[in-house]
1. In units of 2.2 N^0.38 Å, what is the alpha-carbon radius of gyration of the range 115-160?
2. List, largest first, the extents of the alpha carbons of the range 96-190 along their principal axes, each in whole Å.
3. Hey, what do the phi angles of the range 108-124 turn into as Karplus ³J(HN,Hα) couplings, whole Hz, using 6.51/-1.76/1.60 and θ = phi - 60°, x for Gly and Pro?
4. With every protein chain left in place, what is the accessible area of Tyr163 in Å² (1.4 Å probe, nearest 10)?
5. Direction-averaged shadow area of the convex hull around the Cα atoms of the range 58-98, nm²?
Amino acid sequence: MQITGNHQMARLVRHNDESVREGYIRNGGKEVKLFTSALKAFQCNNRIVMAKRKHLDGFLRGRIIGRLECGRTQLEVSEELGIAQSVISRLWQRFQDYGNVSRCYSIGRPRVTTPNEDRYLAVTAKRNRRSTASDLSRQLSSATGTTVSRQTVYRRLGHIGLYARRPVRCVPLTATHCRLRLAWSREHAL
């Protein structure tokens with residue numbers, strides 16, 4: 001917990017320090033009075049005044065796990081790094097359950113298609129450029145059993161740069177067209 005009041009900060013003070021009067025903490029040689037909410041938190045914790053952080057970065061999470069794997073207790077790591085023991089406990093539990101400590105980002109509805117199914121859509125769309133989004137939806141449903149709408153197929157293909165699923169791609173050039181275009185470009189070349 002970070003104690004701020006009149007712009008004074010105090011960190012990492014042991015509760016059983018006899019040189020500090022009750023309701024005060026030592027901050028760099030000076031005694032600083034604790035405010036009511038901070039005093040309650042200090043008394044409830046009975047061990048240490050913690051520094052408040054929003055999120056732990058990846059490096060710090062790795063340091064925590066490394067220290068726990070070396071045999072240190074959660075309380076020791078908590079006191080060393082100034083992080084609440086509950087945070088250390090949750091991090092260690094996540095590491096034991098999933099094998100990593102990266103943060104999980106899960107915002108919004110889960111995707112209907114897997115990355116493999118997205119790749120399947122991309123490959124089939126590139127192989128048969130004349131197929132429409134509805135055709136691709138039916139092919140995916142028959143191949144994998146995943147039913148998706150035409151709009152979902154359109155969005156997935158849009159992510160990789162395949163936008164228009166119309167049968168006509170372009171008008172093919174005849175030999176005469178090619179010859180005339182080449183003559184025009186030679187005439188207008190710099």
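The values are calculated or read from the model by the stated rules, or taken from the named source; none is laboratory data. As the structure is a prediction and not an experimental result, all values here were calculated from the model. Side chains included, ligands, DNA and RNA excluded: accessible areas come from the protein's heavy atoms. Shrake-Rupley method; radii C 1.70, N 1.55, O 1.52, S 1.80 Å.
1. Numbers: Rg = 9.1 Å, N = 46, 2.2 N^0.38 = 9.4 Å.
The value comes to 0.97.
2. Answer, in whole Å and largest first: 72, 35, 20 Å.
3. x, 6, x, 6, 6, 9, 8, x, 5, 5, 5, 5, 4, 4, 5, 5, 5
4. Using a 1.4 Å probe on the heavy atoms, I get roughly 140 Å².
5. Result: a mean projected hull area of 2.6 nm².
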